[in-house]
Amino acid sequence: MSRIFINNINSYVGRELFQEIRGDPEEESSNVFIATLDPNDNSPRPAGVKKILRRDKPRLFKKYLLECDLIIYDLHTGNLAEVEEKLKLFKTTKFEEAKTIVLISSALVWGNTPPKMAQVLTEEEKSKLIDPDDPEASIEKDKVTEKSIIEPQPSERSQIIEKGEGVAEGEELKVEEPKEPEFVTVQFEESDYLQRKPSQKYEQWKIIEDLVLNLGTKENVNIYIICSGILYGNGEKVFNYHFRSAWLENPRALPYIFPGDNYIPTIHIKDLAKVVKFVIETKPETKYIFGIDKTLEPLQKSIIQAISKGIGTGEIEPVEKFSEEYQEWYEELGINVWMKPSRLLIPEPEGEEEAVLPFTWNYIGGIAENIRRLNEEYNKMRGLKPIKVFITGPPAAGKSHYGALLAEHYNVPHIHISDLLKEIAGSETDIGRMIAESEGRVDDKLVAEAFKLKLKSGPCMNRGYILDGWPRTYEDAKNLFMREVISTEPVEDGERNVEAEEEEEGAHLAPKVYENETEIIPNNVIILRAGDDFLIDRVRKLPAGKVKGTHYSDEGMKRRLQFYREKNDSDKETPVQAFFSDLNTEIYECESNIEAMELLYNMRVYIEREGRPFNFLASIEELEWQRINLIEMREKEKMRKLIENEEQVKKLAEEEKRKKDDKARKLFEQLKGKDLNLKGVKEMPLRSYLMENVIPFLSEGLLQVCKIVPEDPVDYLAEFMFTQSNQLRKHN
């Protein structure tokens, strides 16, 4: 039984190391696992770990650490100062029992290492390296290796010139200038580890590597350094930006660092764990091991292109300057170190025989070769599930309206038959050419093939889709979601094709066998219900601009409604929803005449009935916060409009009062002018009488009319004069 220590066992690397070394969790492990936890990772402690060492108890930490038989430290997730401190304990401690230390480092420690160069030799120079007495020691002439470099021999050349060998007396000595040697870049090998030069960021990584290498000279201490490539897989770390962007198609073109011809060694996290386990079990003589896969073209641009093509749009674009949004990957993908896969892990073939791998690699061919599997793994690890929705119903029921809203909410493609046929017709595919040549009358089976092509595209397979109104019939659904089962049984040589012979003779053949294409079948089916009168009335109320050039005329609506009812609401034919009922798909039926927001909410509840998928969407809490903010904004807008209305009413009242005041002032000025004219009339007897007994009351009444501005001024003046008359009688 071995005691195994794994640093930060709950981290990205630590979890995979523990799972690989422990083996089948159902079986009891013969090893005892002791570990620390990564404080920056919220992942829980794996089941099966006997003890977690606490960093705030250094004495106990030291005791348990030095008692372990196998110590594994990972620099990707470890605290470098802590790792260096703990490894120095082994430098000052004498061990009676064997200890094995495995340090997981990175090719980034080689970041500033100049390229390895080798000279290209001529055939003559190569022949000089062949030992006729030892043919096995000769090099292959097709390869360029470091051993092929020929050093110049200036002493021999100078001797020839001095002696003048082969030159007649009096003849001018001709000396050919030596050609400049041609050099090419070659791969680094594990034995070149002394040449490695890190960037400033990774200097401490190299210091720790050197510390471990020095520990290898101690008695009973066995050391291994796994120099891993850039890690990928299990939900991604360094490549997460590109996987996420490709998955979302945002941005559509994935960025790569210009010019993109730098070499990036890589390895999947699961394969790295297998490498560590293999080294632990076999204890090879090689101490510095390249833990990298066998990517055929490990250039940065090629890797990014593979991610974009396999998951996203297939588009890439160069970037020449660092940006904050590229921080999580810019330095790692800027590495330029061409490494040769370890012969220990990936042996080279001997002759025509294929090499036998020491263990089963999961992703030996790298990212490009395994992008489909990595896509599926990324979806699983990140909790990404395609949201596949089919909305059907009679014309004008709201399929396109709600389909567009759901597509925007869930960030999935909205697929409508007219848009799809235009898209496919413009593509360079056989189906596209057939649609383009059909002149607008596309056969239903060809339409089904166009939809099938779209549903199998990366965005639909990853994120899902909203299928708007098609398939229209049960037969359409069968054409779209089913495929013929083709027999792959081989036909023996000389065996008669009985079926073909029977067909020629007119015999009845056995029916074809079909199976469901489950990967593209929707798991959400929404049926919008509405009566014909309601739908026709709804169309009549549409703006003329929306109706023009469509089938939304009275005649067109009646024809389309009749077709829908015959295919889906009659006893004559099997309705389209029956296809999904046969698959036990839960179907949501709803009336389309209810309030739009309520209906959209009900659709979302139905789609999320088994939980809301992550899919980089807003969480329930964020949606609730958005809903509250929307309500608050609406209330503020309502108050603003109310205040604006109140202010407008107030302004109108003030304006009306101002107009009345102006009118009263003008009347008052007119009366004052008349009053002055009356002074000259007082000398007349009759006029004098009027001036004394009538005019004062009449003037006062007119002044009151000017001040009050009644609706009926004449009636008001008469009433005023009558009141003054009664008061005068009482006084007299």
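The values are calculated or read from the model by the stated rules, or taken from the named source; none is laboratory data. Everything numeric here is computed off the predicted structure, so don't read it as measured data. All Cβ positions, glycine included, derive from the backbone under ideal geometry; neighbour counts span all protein chains shown. Just the protein is used for accessible areas: all its heavy atoms, side chains included, with ligands, DNA and RNA removed. Shrake-Rupley method; radii C 1.70, N 1.55, O 1.52, S 1.80 Å.
Let's see how each residue does on (1) modelled with pLDDT of 80 or more; (2) aromatic (Phe, Trp, Tyr); (3) not in a loop (DSSP other than H, G, I, E, B):
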position: ALA664; (1), (2), (3): no, no, yes
position: LYS682; (1), (2), (3): no, no, no
position: PRO696; (1), (2), (3): yes, no, yes
position: LEU703; (1), (2), (3): yes, no, yes
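For the residues VAL32, VAL83, the requirement of being within 26 Å of PHE278 (Cβ to Cβ), among the β-branched types (Val, Ile, Thr) and surrounded by fewer than 18 Cβ atoms within 10 Å (Cβ to Cβ) singles out VAL32. Look at SER106 and say whether it is at pLDDT 95 or above and either of a type in the set (Ser, Thr, Tyr) or open to solvent by 70 Å² or more (accessible area, probe 1.4 Å) (or both). Yes: the conditions hold for SER106. Of the residues screened, THR574 is one that is within 42 Å of the chain's Cα centre (by Cα), of a type in the set (Val, Ile, Thr), at pLDDT 90 or above and surrounded by 13 or more Cβ atoms within 10 Å (Cβ to Cβ).
Within region 218-255, the set of residues being in a helix (DSSP H, G or I) and open to solvent by 10 Å² or more (accessible area, probe 1.4 Å) comprises ASN240, TYR241, ARG244, LEU248. Listed conditions (1) outside any helix (DSSP H, G or I); (2) over 18 Å from LYS237 (Cβ atoms) are all met by ILE267, apart from (2).
Mind listing just one residue for me: the one in region 549-571 that is at pLDDT below 80 and under 39 Å from the mean Cα position of the chain (by Cα) and, of those, farthest from TRP470 (Cα to Cα)? Only one residue fits best here, namely GLY549.
Listed conditions (1) open to solvent by 10 Å² or more (accessible area, probe 1.4 Å); (2) over 20 Å from ASN220 (Cα atoms); (3) not charged (D, E, K, R) are all met by ALA98, apart from (2). When TYR263, TYR288, TYR326 are screened for being open to solvent by 30 Å² or more (accessible area, probe 1.4 Å) and either of a type in the set (D, E, K, R) or over 30 Å from SER427 (Cβ atoms) (or both), only TYR263 passes. Just one of the listed residues (THR185, THR266, THR217) is under 30 Å from GLU84 (Cα atoms) and modelled with pLDDT under 95, namely THR217.
Could you grab me the full set of residues in region 627-646 that are open to solvent by 90 Å² or more (accessible area, probe 1.4 Å) and at pLDDT below 75? Across region 627-646, the qualifying residue is only ARG627. Out of all the residues in region 348-356, is one or more modelled with pLDDT under 95, open to solvent by 40 Å² or more (accessible area, probe 1.4 Å) and within 24 Å of TYR12 (Cα to Cα)? Scanning region 348-356, I find no residue that is modelled with pLDDT under 95, open to solvent by 40 Å² or more (accessible area, probe 1.4 Å) and within 24 Å of TYR12 (Cα to Cα), so the answer is no.
Of the listed requirements (1) over 27 Å from GLU236 (Cα atoms); (2) in contact with an Asp or Glu (Cβ under 7 Å, 6 or more places away or on another chain); (3) modelled with pLDDT of 85 or more, GLU85 misses just one: (2).
None of LYS340, LYS309, LYS321 is exposed (fewer than 14 other Cβ atoms within 10 Å of the Cβ) and not hydroxyl-bearing (Ser, Thr, Tyr) except LYS321. Scanning region 509-538 for residues that are assigned to a loop (DSSP other than H, G, I, E, B) and of a type in the set (Val, Ile, Thr) gives VAL513, THR518, ILE520, ILE521. Residues that are closer than 26 Å to SER457 by Cβ, exposed (fewer than 12 other Cβ atoms within 10 Å of the Cβ) and out of contact with any helix residue (DSSP H, G or I) (no Cβ under 8 Å at 6 or more places or on another chain) do occur in region 597-611, at least one of them.
Of note, LEU333 satisfies the criterion of being open to solvent by less than 80 Å² (accessible area, probe 1.4 Å), touching a helix residue (DSSP H, G or I) at 6+ places or on another chain (Cβ under 8 Å) and either part of a helix (DSSP H, G or I) or among the aliphatic types (A, V, I, L, M) (or both).
State whether one or more residues within region 200-214 are in a loop (DSSP other than H, G, I, E, B) and either modelled with pLDDT under 95 or over 20 Å from ILE316 (Cα atoms) (or both). No: region 200-214 contains no residue that is in a loop (DSSP other than H, G, I, E, B) and either modelled with pLDDT under 95 or over 20 Å from ILE316 (Cα atoms) (or both).
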